[in-house]
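Nothing in this text is a laboratory measurement; each read-out follows from the coordinates by a stated rule. Everything numeric here is computed off the predicted structure, so don't read it as measured data. Every residue, glycine among them, receives a Cβ derived from its backbone with ideal geometry; neighbour counts consider all protein chains shown.
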Amino acid sequence: MTPMTTAGLLHALRQRLGVDQVLTSDHDLAPYVNDWRGRFHGAALAVLRPAATDEVVQAMRLCGQAGVAVVPQGGNTGMCGGAVPVGARSQVVLSLQRLRQIEQVDPLGNVLTLQAGVTLAQAQEAAAAADRLFPLSLAAQGSAQVGGAIATNAGGTAVLRYGGMRDLVLGLEVVLADGQVLDLMRALRKDNTGYDLRQWFVGSEGTLGIVTRAVLKLFPRPTGVATVWLGLDGATQAVQLLRELQRQLGDTLTAFEFLDRRSLDLVLRHATGVVDPLARPHPWYVLAEVSGGGDGAALRRALEQALLAVLEAGLAQDAVLAESERQRLALWRLREEVSESERRHGASLKHDVAVPVAAMPELVARVSATLPAQVAWATPHCFGHVGDGNVHLNVSLPPGAPAAEQDRVSQIVYDHVLALQGSISAEHGIGQSKCAQLVQQRGERAVGLMRQMKQMLDPQGLLNPGKVLS
Ligand code: FAD
Ligand code: MLT
Ligand code: ZN
């Protein structure tokens, strides 16, 4: 068969998807070929905006015939450049933003069926309207899509109690590289019939298939909530505090986030309408939340009692309890604005790492001591998800920081992480920014097996080339 020309491909795509849904002008392409941090810039032949699974199928078939690679894109909020095309103007971006239908909320089955382009915030709202909770929460939830969160196996601030995306997906529909639809749309809590193909696609960052629909788990919607902001002496106390609060409060402890003073300073400097809620500065801060049934009064009493004990034991130095929903949201903003404030401050090196929870203080101590000693400008700010052992050890870049020094900084962080049996990507994925570290992290044999899976599912290398496996 004669390969299709570029003009022929664009013409056929316009016929199938509609003239307005195949974008080609530089102006139209710009939001899709640059990432939100301004760190990754690409070029594309076109942006495709299908509105249904069938249109995704047609787009994949046509691109396959033309030998043109496809970059699936959700909300483009990813941290590792996974949704940004690489290379010259040779790939197309396939945006899932028009697949945004909530298909069914089933309160009895506790499941939510939807299309992949629904945002996390819309999924949460749909669940809440049926008096249920869809728990995956992160600061970008207004833009990040369910499909993107599945493709990156996103974590966020509720993993401690509800798990990450991998734990929340019951069913999936995936369009494969050859245009076939893999229907895994089950709503089953148990299903041991052979290999779990669904999990192949969770965290595969658009390199194995395009997620078009999903069935997600729902939970009872908490009616009571109490939130506290604590000032601490250090990371060691943060882990001890977590375990002590869990001991006293059990599973009602649904969030336990932390940030250091440098991170809070970034927020106080760059976010609007925020204030430091404590009278004096502390080296570390924790935001803890309990939630559950009832009106919250009993939860609050239990939290107050636990706080007295942890303050008495010296695990925290000071604490402020939210007295209203407005105050609760104000405390959350101090945590959720870190990434955006960091971006406003300038470019940064992001290290989204995880170690076993008990080793987190040791990691922070090692990195904080060795980094600035080896590269003068490299003082990290730390924040993240204590309960998951997931620290964001990010480093703001001074203008003109040499690329070799930047690589050295990341390598120092990663060496400490690996020495503590950790992961160089806890929740953001590999994208195009961490491909070089994958073998060091996972070993030749595991990466070799990943390459075989990729070859089997996408022999032409059409899906998101240059990502995860370079
Ligand atoms: P995109 O950025 O569009 O894509 C990400 C990857 O998934 C790409 O490789 C893309 O090709 C692929 N992809 C997207 N959609 C599909 C699909 N339908 N099928 C197949 N592949 C697809 N992440 C966390 O885990 N925890 C956090 O706490 C967190 N906080 C954040 C805070 C801020 C302020 C921001 C901006 C981001 C944060 N992130 C966090 C990162 C990001 O929001 C998540 O990775 C999110 O899951 C990405 O979703 P998206 O729809 O924007 O995906
Ligand atoms: C967060 O937890 O806020 C993000 O995952 C971290 C980041 O921006 O590096
Ligand atoms: Zn995070």
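What distance in nm separates the simple spin-label points at residue 131 and residue 192, each placed 7 Å from Cα in the Cβ direction?
Calculated label separation equals 3.5 nm.
Taking amide H positions as placed in the peptide plane 1.01 Å from N, state which residues far from residue 46 in sequence (5 or more) or on other chains have amide H under 5 Å from it.
Under 5 Å from the amide H of residue 46 lie the amide H atoms of 93, each far enough along the sequence or on another chain.
Could you work out the relative contact order of the chain, using alpha carbon pairs under 8 angstrom and six or more residues apart, expressed as a whole percent?
Worked out over the chain, it gives 15 percent.
Which lysines, on any chain, are close to residue 350 with Cα under 18 Å apart, when same-chain ones fewer than 8 places away are left out?
Partners within reach: 434, 467.
Evaluate Rg over Rh across segment 117-200, taking Cα atoms for both radii and Kirkwood's formula for Rh.
0.98
Determine, from the Cβ-Cβ distance of residue 313 and residue 178 and an R0 of 56 Å, the FRET efficiency 1/(1 + (r/R0)^6), rounded to the nearest 0.05.
0.40
Calculate the spin-label point distance for residue 279 paired with residue 247, positioning each point 7 Å from the Cα along the beta-carbon direction, and give it in nanometres.
Between residue 247 and residue 279, the label points sit 2.9 nm apart.
Just rank 412, 150, fewest to most, by other beta-carbon atoms within 10 angstrom.
By the 10 Å Cβ count, ascending, the order reads 412, 150.
Between Rg and the Kirkwood Rh of segment 203-247, both from Cα atoms, what is the Rg to Rh ratio?
Computed over Cα atoms, the ratio is 1.23.
What is the gain in length, in nm to one decimal, between residue 108 and residue 325 on full extension, counting 0.36 nm per residue of separation less the C-alpha to C-alpha distance?
Working: separation 217, 0.36 × 217 = 78.12 nm, distance 2.91 nm.
Contour length minus Cα-Cα distance gives 75.2 nm.
Cα convex hull of the chain: mean projected area in nm², to one decimal?
Averaging across all directions leaves 23.1 nm² for the Cα convex hull.
What are the DSSP H helices in the chain that stretch 15 Å or more along their long axis, judged by alpha-carbon atoms, and whose average Kyte-Doolittle hydropathy comes to at least -1.0?
Helices meeting the criterion: 6-17, 53-66, 235-249, 297-312, 360-374, 403-419, 444-457.
If r is the Cβ-Cβ distance from residue 447 to residue 357 and R0 is 25 Å, what FRET efficiency results, to the nearest 0.05?
E between residue 447 and residue 357, to the nearest 0.05, is 0.40.
How would segment 56-106 be classified by its alpha-carbon gyration tensor: rounded, prolate or oblate, with rounded meaning a/c under 1.5 and the a/b versus b/c comparison settling the rest?
Judged from the Cα gyration tensor, segment 56-106 comes out oblate (a/c at least 1.5, b/c at or above a/b).
Pairs of Cα atoms under 8 Å, at least six residues apart: use those to get the relative contact order of segment 358-452, whole percent.
22
Work out the length of the dipole vector of segment 324-412 about its Cα centre, built from +1 on the beta-carbon of each Lys and Arg and -1 on the beta-carbon of each Asp and Glu, and round it to the nearest 20 debye.
Dipole size: approximately 200 debye.
To the nearest 500 deg cm²/dmol, what mean residue ellipticity at 222 nm is calculated for the chain from DSSP H runs of n ≥ 4 alone, each contributing -39,500 (n - 2.57), summed and divided by the residues?
One gets -11000 deg cm²/dmol as the mean residue ellipticity at 222 nm.
Full-extension gain between residue 455 and residue 101, please, as 0.36 nm times their residue separation minus the C-alpha to C-alpha distance. All intermediate terms of the calculation are to be shown ahead of the outcome.
Numbers: separation 354, 0.36 × 354 = 127.44 nm, distance 3.22 nm.
My answer for the length gained is 124.2 nm.
Using label points projected 7 Å from each Cα along Cα→Cβ, tell me how many nm separate residue 43 and residue 19, to one decimal.
Spacing of the two 7 Å Cα→Cβ label points: 2.7 nm.
Going by how many other beta carbons lie within 10 Å of each one, how would you line up 25, 339, fewest first?
25, 339
Take 381, 270 and order them by how many other Cβ atoms sit within 10 Å, fewest up front.
Ranked by crowding around the Cβ, least crowded first: 270, 381.
Enumerate the residues in segment 414-437 having an amide nitrogen under 20 Å from the point lying 7 Å beyond the Cα of residue 34 toward its Cβ.
Answer for segment 414-437: 432-433.
Suppose every Lys and Arg Cβ carries +1 and every Asp and Glu Cβ carries -1, with no other charges. What dipole size does the chain come out with about its Cα centre, to the nearest 20 debye? Intermediate values should be presented prior to the final figure.
Details: 42 positive and 44 negative charges, 127 e Å.
Rounded to the nearest 20 debye, it is 600 debye.
Relative contact order, percent, of segment 9-107 when contacts are C-alpha pairs under 8 Å separated by at least 6 residues?
32
Is segment 333-470 best put as rounded, prolate or oblate by its Cα gyration tensor, with a ≥ b ≥ c the root eigenvalues, rounded for a/c under 1.5, and otherwise prolate when a/b is larger than b/c, oblate when not?
prolate
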